[in-house]
């Protein structure tokens, strides 16, 4: 398999057509080796437009969705980012290359450990790892300039908004299949937020995501 040709095809055939045109993001996708984060048995699918299983019932997001998330956050080198759901660590690596500091939390210890090893091998040392339940935020390192949820939630916990700095951005996929919306929340000032619906998408659920109250008859 020609890795560089496959990476080029991923960017030109999947990612650019999905309105990811930011040169910084496109260069980043060329530099961070997605194949290093894919389970060995799926190595041939590292650049496919698929959600790949990564063990423990979890999946990597599709490349085009990962790229769109990164583009929407508009990260700067001074930003501190919370990632909820470390998974394979690929999104963590993308965030770490653009931001000053990344705090990544996963509820599965094995995922935390394997992601740490992969990022260490790439020389990325601006990441703090934690194992725990961050489905309603992670107060230990708050506040943040950016927060990204790597799994969908039926409702977005208000605590996330309270953990944003003024000017901070939060990306989340909110809703239940078949209707989910990629949403960007921006903190304009303390307790003042702007919510923007970016696009419709279905994505795997975030572990331990809070559930909406439902009427019982």
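We did not get these values from a lab; they are worked out from the coordinates using the rules stated. Here the structure is a predicted model, which is why all the values come from computation and not from measurement. Virtual Cβ from ideal backbone geometry, glycine too; neighbours counted across all protein chains shown.
A compact table of results
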{"read-out": "Stretch gain in nm, segment residue 181-residue 199, where the contour uses 0.36 nm per residue and the Cα spacing is subtracted", "value": "5.9 nm"}
{"read-out": "Linear extension gain, residue 43 paired with residue 133, 0.36 nm per residue minus alpha-carbon span", "value": "29.4 nm"}
{"read-out": "For the stretch 3-200: relative contact order, % (alpha-carbon pairs under 8 angstrom, 6 or more apart)", "value": "14 percent"}
{"read-out": "Gaussian network model of the chain, Cα within-10 Å springs - most flexible of 100, 151, 89", "value": "100"}
{"read-out": "Cα gyration tensor, the stretch 1-88 - rounded (a/c under 1.5), prolate or oblate", "value": "oblate"}
{"read-out": "Helix-derived mean residue ellipticity, 222 nm - over the chain, DSSP H n ≥ 4, -39500 (n - 2.57), to 500", "value": "-7000 deg cm²/dmol"}
{"read-out": "Order by protection proxy (mean Cβ within 10 Å, highest first), peptides 14-27, 56-69", "value": "56-69, 14-27"}
{"read-out": "Over the stretch 3-200, volume per residue of the alpha carbon convex hull, in Å³", "value": "113 Å³"}
{"read-out": "Over the stretch 165-217, relative contact order from alpha-carbon pairs under 8 Å, at least 6 apart, %", "value": "30 percent"}
{"read-out": "Normalised alpha carbon radius of gyration of the stretch 17-64 [divisor 2.2 N^0.38 Å]", "value": "1.23"}
{"read-out": "Degrees, to the nearest 10: 109-121 long Cα axis against longest axis of the chain", "value": "50 degrees"}
{"read-out": "Calculated FRET efficiency for the pair residue 189/residue 78, C-beta based, R₀ 22 Å, to 0.05", "value": "0.70"}
